[in-house]
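The structure appears right after this line, and notes come after that.
Please treat every number below as a calculation from the coordinates, not as lab data. Quick caveat, the model's predicted, so the values are computed rather than measured. Glycine gets a Cβ as well: all are built from the backbone with ideal geometry, and neighbour counts include every protein chain shown.
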Ligand SMILES: Nc1ncnc2c1ncn2[C@@H]1O[C@H](COP(=O)(O)OP(=O)(O)O)[C@@H](O)[C@H]1O
Ligand SMILES: O=C(O)C(=O)C[C@H](O)[C@H](O)COP(=O)(O)O
């Protein structure tokens, strides 16, 4: 994704942002061709990191966004700060660490049907793993209407987990806390800890995103619901099937779109960004879910993590279709550039 399309001015340092996203960003290496990691001869550089993906997409859609993280005082750190800042995200709360490197990761293209892929992380001991209540500017982190976090951070180090606990503690006047469970079993020192820790953090959030498969890692969707009496909204994503939002005593389901998938990476982050964008705009829950699906479809139809979100008028028009027309939509590469909305993206 190149940072094109409507962008807001980034909030000035210290100003109230619409959304602050905190987490580790990494330089990502995408394979030049399919196959096993052992066989891929070369990689293309991109950027990744669940929370900064959300930040970049929201900024590209015109929201005022800050990303808080730590990167090394190295070229990869420069690249992340410059690229994420290039989307119109305020990067003034990003800290540079002269003693620790920027994390990087490599991935394979994976199987289109199952999304089975290999990931090789080089992030142990990274600058971001030293995020803590002492090393981050907590005032800047809290200066937003929404604070977006994910379970990835909890797995990075004991300091990162303590920071997550501090940011999800229920206190008067705190931002609305959005938490994407993002269970990455390979990152946990003791994977058996993850379900309890992630559920504990989710209990402190107002808005929780969880994939149905992840929910099973945590004891199943019903167990997650039972463990989270307080969130305003719990969104369970069901991949290519749909998504359901539990809010108060209501459950609202919206089927997923039919998408010609290029790469599944980044879809969960894009879904969260679309849902948050619609939440900031005060749209009803059904429309928030539809915007989640539409933004996910934007990420699914490009090779890397990040895609330009659909233009607001296009997304609004598609989100307003009746159920039958929604079910007929079929979105493929380039669909976000359609100018006349549904006529251009609907299958004949
Ligand atoms: N095959 C698919 N077809 C259409 N939409 C999909 C498909 N896979 C994922 N999505 C969309 O991406 C969102 C996130 O997918 P999911 O697999 O649940 O997330 P994650 O990337 O977090 O594992 C889904 O809620 C849906 O909107
Ligand atoms: O794994 C991590 O630590 C990352 O942050 C790398 C990726 O950028 C996101 O994980 C993509 O996330 P999905 O949207 O769920 O595909």
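Each residue, residue 230 and residue 114, gets one label point 7 Å from its Cα in the Cβ direction; the gap between the two is 4.0 nm. In a solvent-free Debye calculation with one equal scatterer on each Cα, what is log10 I(q)/I(0) for segment 278-324 at q = 0.32 Å⁻¹, listed in the order of the q values? At q = 0.32 Å⁻¹ the computed log10 ratios are -1.22.
Packing, as the average of other Cβ atoms within 10 Å across residues, places the peptides 272-285, 135-148 in the order 272-285, 135-148, highest first. Pull up the DSSP beta bridges for the chain and report the antiparallel fraction as a percent, rounded to 5. Roughly 40 percent of the beta bridges in the chain run antiparallel, per DSSP. If a paramagnetic tag sat 7 Å from the Cα of residue 250 along the Cα-Cβ line, which residues of segment 261-284 would have the backbone N under 17 Å from that point? Residues 275-276, 278-284 fall inside that zone. Based on DSSP H segments of at least four residues, each scored -39500 (n - 2.57), the chain has a per-residue ellipticity at 222 nm of -9000 deg cm²/dmol. Stretching the chain fully between residue 44 and residue 222 yields a gain of 60.0 nm (0.36 nm per residue, less the alpha carbon separation).
Only beta bridges with both residues in segment 17-167 are counted; by DSSP, about 40 percent of them are antiparallel. In this label model, residue 73 and residue 193 are separated by 3.0 nm, measuring between points 7 Å along each Cα→Cβ vector. Taking the average, over residues, of other Cβ atoms within 10 Å as the packing measure, peptides 221-230, 295-304, 235-244, 64-73 rank 64-73, 295-304, 235-244, 221-230 from highest down.
Going from the residue with the fewest nearby Cβ atoms within 10 Å to the one with the most, 176, 156 rank 176, 156.
With a Förster radius of 25 Å applied to the C-beta separation of residue 213 and residue 12, the computed FRET efficiency comes to 0.05. The packing ranking of peptides 28-36, 181-189, highest mean first, is 181-189, 28-36, where packing means the average number of other beta carbon atoms within 10 angstrom of each residue. Placing dummy labels 7 Å off each Cα toward the beta-carbon, the span from residue 139 to residue 258 is 5.5 nm. Cβ-Cβ distance of residue 158 and residue 96, R₀ of 22 Å, FRET efficiency by 1/(1 + (r/R0)^6): the value works out to about 0.50. Using C-alpha pairs below 8 Å separated by at least 6 residues, the relative contact order for the chain is 15 percent.
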